[in-house]
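Single-structure report; data block below.
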There are 4 protein chains.
Amino acid sequence: MSAPLPPPRPTGIGLIGAGRIGSSHARLLATRVPGARLVAVADPRPGAAAALAEPLGARPVADVEDLLADPAVEGVVITATTEAHADLVEAAARAGKGVFCEKPAGLSLAEVDRGIAATTTAGVPFQVGFNRRFSPEFAAARAAVDAGRIGTPHLLRSLTRDPGLPDYGRVPAWAIFVLTLIHDIDTLLWLNPGAEPVSVYAVADALVAPEFKAAGLLDTAVVTIRFDNGALATAEASFSATYGYDVRGEVFGSGGRLEIGGRPRQDLALFDADGRHADTPRGDVELFGDAYAAELAEFTAAVRERRNPVVTGHDARRALAVALSCIVSVRSGGPVDPAVVAGTVDARQS
Amino acid sequence: MSAPLPPPRPTGIGLIGAGRIGSSHARLLATRVPGARLVAVADPRPGAAAALAEPLGARPVADVEDLLADPAVEGVVITATTEAHADLVEAAARAGKGVFCEKPAGLSLAEVDRGIAATTTAGVPFQVGFNRRFSPEFAAARAAVDAGRIGTPHLLRSLTRDPGLPDYGRVPAWAIFVLTLIHDIDTLLWLNPGAEPVSVYAVADALVAPEFKAAGLLDTAVVTIRFDNGALATAEASFSATYGYDVRGEVFGSGGRLEIGGRPRQDLALFDADGRHADTPRGDVELFGDAYAAELAEFTAAVRERRNPVVTGHDARRALAVALSCIVSVRSGGPVDPAVVAGTVDARQS
Amino acid sequence: MSAPLPPPRPTGIGLIGAGRIGSSHARLLATRVPGARLVAVADPRPGAAAALAEPLGARPVADVEDLLADPAVEGVVITATTEAHADLVEAAARAGKGVFCEKPAGLSLAEVDRGIAATTTAGVPFQVGFNRRFSPEFAAARAAVDAGRIGTPHLLRSLTRDPGLPDYGRVPAWAIFVLTLIHDIDTLLWLNPGAEPVSVYAVADALVAPEFKAAGLLDTAVVTIRFDNGALATAEASFSATYGYDVRGEVFGSGGRLEIGGRPRQDLALFDADGRHADTPRGDVELFGDAYAAELAEFTAAVRERRNPVVTGHDARRALAVALSCIVSVRSGGPVDPAVVAGTVDARQS
Amino acid sequence: MSAPLPPPRPTGIGLIGAGRIGSSHARLLATRVPGARLVAVADPRPGAAAALAEPLGARPVADVEDLLADPAVEGVVITATTEAHADLVEAAARAGKGVFCEKPAGLSLAEVDRGIAATTTAGVPFQVGFNRRFSPEFAAARAAVDAGRIGTPHLLRSLTRDPGLPDYGRVPAWAIFVLTLIHDIDTLLWLNPGAEPVSVYAVADALVAPEFKAAGLLDTAVVTIRFDNGALATAEASFSATYGYDVRGEVFGSGGRLEIGGRPRQDLALFDADGRHADTPRGDVELFGDAYAAELAEFTAAVRERRNPVVTGHDARRALAVALSCIVSVRSGGPVDPAVVAGTVDARQS
């Protein structure tokens, strides 16, 4: 009998940004990602890094440079504020670390291009946080498309309804496209493999919090995307669903249809005098906890194996181009060609 | 003890057009609509009227004038070819008959206006065949909106997937908007009560039968409608779903969400080595048989009671205005205002 | 071109018993069963026959003999009180009428045998009201069994939950087996074709209305049936479901599984802060309206064509034998063999 | 700002039995149970312990005594062969280790009593592997019962369909009750809190593999349990479902109904020319992976905190008493009282 295989060498991961999603990612790295070792957590806010890192056996640091200088850190997970993403990607790559960046990887194509260039030059993996691709249902949907189960895609849809935000007064106008719908856009691009978007039309409004409409808030949006293979796609978002967190998709093609999402919170139904009831998922970590763990496992493996992850900076760029085109479309009132307009806009200036 | 109430006096109905939907309507009138009596069926094709009418105990006529002159005919159901609808509505009204017209009630607003004027002048009911309003699920959805169960509508969607057409070479370019999506448009207008559409954007293509694209076929379409109450709506159609006939809707609002449709053919699931399976509805008569019977019962009652039906020529005009705007939007490549463009177009010229 | 076929000659039906289900059947015969003509309604209660018959254009009679003597009555639908079923079946058969009898067709095997003998002698159809066989889902389930889709049945289940009764003090002890579970028993026998029940075990209690337990009420029951092909089946009933009327079934076999029933009232779901909600069917006429119409159409056709219907007195006898065996099992506290015990019991004496 | 809380001290766990479920538990302990440290794996088969332990960073041992003597082992997870469970529980308790034992905790009440006595004497936790209690849907169902959402339970059901066994010739007759249905029995006892079973009736047969019927195989069973609060319960099992692994439950009460289980493998549906399709869960680790992790986390916490777990040896005893009663019922052909018969039987002698 042969000797058993050795266990994997633990791969050291550092995390930058101990906010809501950063805390979730840190815990997953420490407990749910086999082969990952959470080495350090950086956050400039006093105490934030320690409160997250220490119970997980990791080292808290206040200064990103400190984390990037740590030789035990082989890969960096960036969950800092959106505006800092691009600079952090570049800095991490220059330090020779593999890079996982929460979406978006930048607020302009130029920013994402800097990250792609830096990680390519450094020869390190560059993954972006399109977690839905790692959920069992979206992964199985893509596999069904690849297997030809629904023929050629004709009509696609992806939608997100968030369970509400704490302060609509602080939400930038671009958030619904660049932070939320970028997930749906990536899903639509990914489920229509080989096709390129040729036209983008977006309508948006402040319907959830109309009191911030004058200040520019957009909390509800519908996007139509036309692809070069003829497929027509819709992305839809609202910042506030009373019933929780809701992500669904559909691919309709020449051979059939895929319907993704909509499951209840538990596999349980209650029947009473008012009819049939089931609870609904309430948040992204609840709905996509396994997907978050799976994307971090993929990143950890890519770092260990020094290879490209399955979701790259190129995917980040493609989705951002459409999201930025939505901003231009809202401004212009008509459809736009992403190849023409996406490079002209920085979300910050929108 | 008081005497029992008398039975209803049977109301005589004549039907014009013994095609597919006309045959279905005739059978429903003869067997499923209490108080209706199918008196006569008109169709110019030799034998068509007789083949439908006689087994149902009705009189076949070749000539519409003959049917309209019959005093036993109190209401007329028009299921003739689309191009003839407007003239038939007018003729029936002038003959003093109540009018039920399959959608659309005309191919331009002017045509529908003629019908409204003629029926108003004659003092007869004028109903249009928006049968979905009579299905239990759509009716319950509207009741839920009226009861405030989902608050203010923010995002709406209605979609139709037909089970395929016999000959795509004979389908006019306007059909997807004026024959199919007009149902979805009516649904969206109806489920967002009190709001008016202010912007319409449509994209469409020949994806099902691309060999007829050069000839102008549009078999797949997505429409975005913006309402004056801020709500954003999407209508979506394909002429060919491998899995049958598929009509679904959604209303998402400040207080919740309604999801309409998607039930299997029977309340039965089969589990085998390949997983879980259920059959799907295969046609409109199968899915909306009860709704067709209910709309004809409403028409019969409106004729008997000499009152407006719950779906009127005004509803026909509103939905047609949006459908015609879609044609203009496809032609112009951008969003259009129905109040500006709908009156300028005749579907025949598109 | 050949001449169109003639319409069917209307078949005259008389109905005995203008109670809840009788009223429903009468209305279906008058409005939903093509080819049926409701000729007369008999009920001994003053005014009851007239209140039902006259609005439907039928003749009210107080005396059953009057109805049976009417030559326009070709078939009789018996929806009288259960205790009278057997005598009425016999009387109708002797009068040469086709017989449809609501379940049960008698309260002992001897009673049902009298009906079988009388209808056989008279050469008239004899159908019993096992309406579930005519619902699309149960019919499709049986078709799937016949097609071998689930292989050999191993485990079967059928259950009924009624929406509550007006007065539990007037419910005889045998009602749950002979009035309610007889439906489930027939379903189980029918979905396991070719097999005979060899053992029946029943447990039952007064859980809904325990105040009538001392008086003998049984309102909740579970039955286990063992078949000669090895299959094991369960039937389950409660007289009071807060959420309405609930009928479901399952057939599990060597090749797969069928799951029948459980659909919501409409094809509509509401999502709000408490999760996902759907309304539930509230009554038998609501859930099985189409099935009731279909069984009456089958009866009407059998009368017209002078043939056996698809559900016969023999089916009535088989299901009653198991229902009576349940009574014996409850009394004896152990499993019983229907072939041995069913002939020994009259439900009235239980 | 206060200092962050320290991380938990890792709790050392040893595992006995590197079979299918042992391997799954070992991997969960090593990767999914925060605060647990898999210290050692024992298995007498050459190489089995090493193949499992080493990739997980644990020490393989051939001899159980070796594992029990290791001071780093604070709790022991017993996934050895069923017949060895009782002795191993006792040995682990005597060594002062917390004990988690896969179900059943013994093959007679006397065996389980030995384990309860030994763990009580040693003052160590004793948990049994009723994992379903830790699944979100069953846990939420019990919470709904406790909250009075369905009133008093009247009818309960729990069922298991395994995806098939490799060799039916090696399955002991008692397996379906003591290995499989013991899960369903525990579920029924747990979902009817405060009630005791007073009567048990079981029917069983060899329908999946009838060629082993003569050798005593039972692969299909239905159990009826009557409780002292009047509730009637059914448990149902088959060893072979073509469609995978299927666990469902139902609690019907005076106030409503709970329906547990039945979800598809992914939250994805495919529609094609044959209708609607979804994949089904294929195994227990797939369906209950989270529940297995949660029960091991509870055990680890109980060991660390030196307290009783939420599922104890007492629960093991109650469920086994009913499972053993099923064996007696099958033998006797009638219902039995667990209080009378359960203590008289050893599954090995059945």
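Looking at the structure I just gave you, is C:P136 closer than 21 Å to C:W190 by Cα, outside the structural domain of C:L181 (by TED's automatic domain parsing) and either free of Cβ contacts under 8 Å to residues at least 40 places away in the same chain or not basic (K, R) (or both)?
no
Listed conditions (1) more than 24 Å from A:G106 (Cα to Cα); (2) not in a strand (DSSP E or B) are all met by A:A26, apart from (1).
Could you check region C:303-319 and list, in sequence order, the residues that are charged (D, E, K, R), at negative phi and open to solvent by 40 Å² or more (accessible area, probe 1.4 Å)?
Selection gives C:R304, C:E305, C:R307, C:R317, C:R318.
Scanning region A:253-283 for residues that are in a strand (DSSP E or B) and more than 20 Å from A:S135 (Cα to Cα) yields A:G253, A:G256, A:L268, A:A269, A:L270, A:F271, A:D272, A:G275, A:R276, A:H277, A:A278. Only one of the numbered conditions (1) in contact with a helix residue (DSSP H, G or I) (Cβ under 9 Å, 6 or more places away or on another chain); (2) at the interface with chain C (Cβ under 10 Å from one of its Cβ atoms) is violated by B:F271, and that is (1).
Checked against the criterion of being open to solvent by 10 Å² or more (accessible area, probe 1.4 Å), more than 10 Å from every other protein chain (Cβ to nearest Cβ) and aliphatic (A, V, I, L, M), the candidates C:V322, C:V285 yield just one match: C:V285. For region D:185-219, filtered to residues that are over 17 Å from D:D315 (Cα atoms) and part of a helix (DSSP H, G or I), the residue that is most open to solvent (accessible area, probe 1.4 Å) is D:E211. When D:T121 is tested against (1) of a type in the set (V, I, T); (2) assigned by TED's automatic domain parsing to the domain that holds D:I225; (3) over 21 Å from the mean Cα position of the chain (by Cα), only condition (2) is not met. Considering only residues in region B:108-138 that are closer than 24 Å to B:T79 by Cα, within 14 Å of chain C (Cβ to nearest Cβ) and touching a strand residue (DSSP E or B) at 6+ places or on another chain (Cβ under 9 Å), the one that is surrounded by the fewest Cβ atoms within 10 Å (Cβ to Cβ) turns out to be B:P136. Within region A:234-244, not a single residue is closer than 24 Å to A:V112 by Cβ, of a type in the set (D, E) and either open to solvent by less than 30 Å² (accessible area, probe 1.4 Å) or within 7 Å of another protein chain (Cβ to nearest Cβ) (or both). Looking across region A:74-92, the residues that are farther than 17 Å from A:A175 by Cβ and open to solvent by 40 Å² or more (accessible area, probe 1.4 Å) come down to A:E74, A:D87.
Against the list (1) of a type in the set (A, V, I, L, M, F, W, C); (2) crowded, with 24+ Cβ neighbours inside 10 Å; (3) assigned to a loop (DSSP other than H, G, I, E, B), the condition B:L67 fails is (3). Taking the numbered list (1) more than 9 Å from chain A (Cβ to nearest Cβ); (2) open to solvent by less than 20 Å² (accessible area, probe 1.4 Å) in turn, D:R257 passes all entries but (1). Within region A:121-151, being part of a loop (DSSP other than H, G, I, E, B) and on the phi < 0 side of the Ramachandran plot holds for A:V124, A:P125, A:G129, A:F130, A:S135, A:A147, A:R149, A:I150. Contact annotation: residue pairs with Cβ atoms under 9 Å, 6 or more positions apart or on different chains, pairing a residue in region B:205-227 that is on the phi > 0 side of the Ramachandran plot with a partner that is not in a strand (DSSP E or B), are B:G216/B:P172; B:G216/B:A173; B:G216/B:A206; B:G216/B:S350.
The set of residues in region D:329-350 being aliphatic (A, V, I, L, M) and out of contact with any helix residue (DSSP H, G or I) (no Cβ under 6 Å at 6 or more places or on another chain) consists of D:V330, D:A339, D:V340. Candidates in region A:97-114 are the residues that are small (G, A, S) and touching a Leu at 6+ places or on another chain (Cβ under 9 Å); of these, the one that is nearest to A:A323 (Cα to Cα) is A:S108. Restricting attention to region D:329-350, and to residues there that are among the aliphatic types (A, V, I, L, M) and without any contact (Cβ under 8 Å) to a residue 60 or more places away in the chain, which single residue is most open to solvent (accessible area, probe 1.4 Å)? Once the filter is applied, the top-ranked residue is D:V340.
The residues of region D:93-107 that are open to solvent by 10 Å² or more (accessible area, probe 1.4 Å) and in contact (Cβ under 8 Å) with a residue 60 or more places away in the chain, listed by number, are D:K97, D:E102, D:K103. The set of residues from region C:9-23 being touching a residue at least 40 places away in the same chain (Cβ under 8 Å) and assigned to a helix (DSSP H, G or I) comprises C:I21, C:G22. The residue of region C:32-47 that is farthest from the other protein chains (Cβ to nearest Cβ), among those that are farther than 15 Å from C:I78 by Cα and touching a residue at least 24 places away in the same chain (Cβ under 8 Å), is C:R37.
Just for region A:168-210: of the residues that are within 23 Å of A:V251 (Cα to Cα) and touching a Cys at 6+ places or on another chain (Cβ under 9 Å), which one is farthest from the other protein chains (Cβ to nearest Cβ)? Taking the candidates together, the pick is A:V178.
For region B:89-106, the candidate set comprises residues that are hydrophobic (A, V, I, L, M, F, W, C) and part of a loop (DSSP other than H, G, I, E, B); within that set, the residue that is farthest from B:I176 (Cα to Cα) is B:A95. Taking the conditions exactly as written (within 22 Å of A:E295 (Cα to Cα) and either surrounded by 19 or more Cβ atoms within 10 Å (Cβ to Cβ) or modelled with pLDDT under 95 (or both)), does A:V33 satisfy them or not? Against the criterion (within 22 Å of A:E295 (Cα to Cα) and either surrounded by 19 or more Cβ atoms within 10 Å (Cβ to Cβ) or modelled with pLDDT under 95 (or both)), A:V33 qualifies. Return the residues of region B:163-184 that are over 14 Å from the mean Cα position of the chain (by Cα) and surrounded by fewer than 24 Cβ atoms within 10 Å (Cβ to Cβ); say none if nothing qualifies. Of everything in region B:163-184, those that are over 14 Å from the mean Cα position of the chain (by Cα) and surrounded by fewer than 24 Cβ atoms within 10 Å (Cβ to Cβ) turn out to be B:P163, B:G164, B:L165, B:P166, B:D167, B:Y168, B:G169, B:R170, B:V171, B:P172, B:A173. Tell me whether region A:274-287 contains one or more residues that are free of Cβ contacts under 8 Å to residues at least 24 places away in the same chain and of a type in the set (A, V, I, L, M). Checked against the condition, which is being free of Cβ contacts under 8 Å to residues at least 24 places away in the same chain and of a type in the set (A, V, I, L, M), region A:274-287 yields at least one hit. Just for region A:48-61: of the residues that are in a helix (DSSP H, G or I) and more than 7 Å from every other protein chain (Cβ to nearest Cβ), which one is farthest from A:I13 (Cα to Cα)? Checking each candidate, the answer is A:A48. What about A:V222, is it aliphatic (A, V, I, L, M), outside the structural domain of A:T81 (by TED's automatic domain parsing), part of a strand (DSSP E or B) and open to solvent by 10 Å² or more (accessible area, probe 1.4 Å)? No; evaluated as a whole, the condition is false for this residue.
The values are calculated or read from the model by the stated rules, or taken from the named source; none is laboratory data. The structure displayed is predicted, hence computed values, not measured ones. Glycine also receives a Cβ, built like all others from the backbone with ideal geometry; neighbour counts cover every protein chain displayed. The area values use the complete protein model at the heavy-atom level, side chains included, leaving out ligands, DNA and RNA. Shrake-Rupley method; radii C 1.70, N 1.55, O 1.52, S 1.80 Å.
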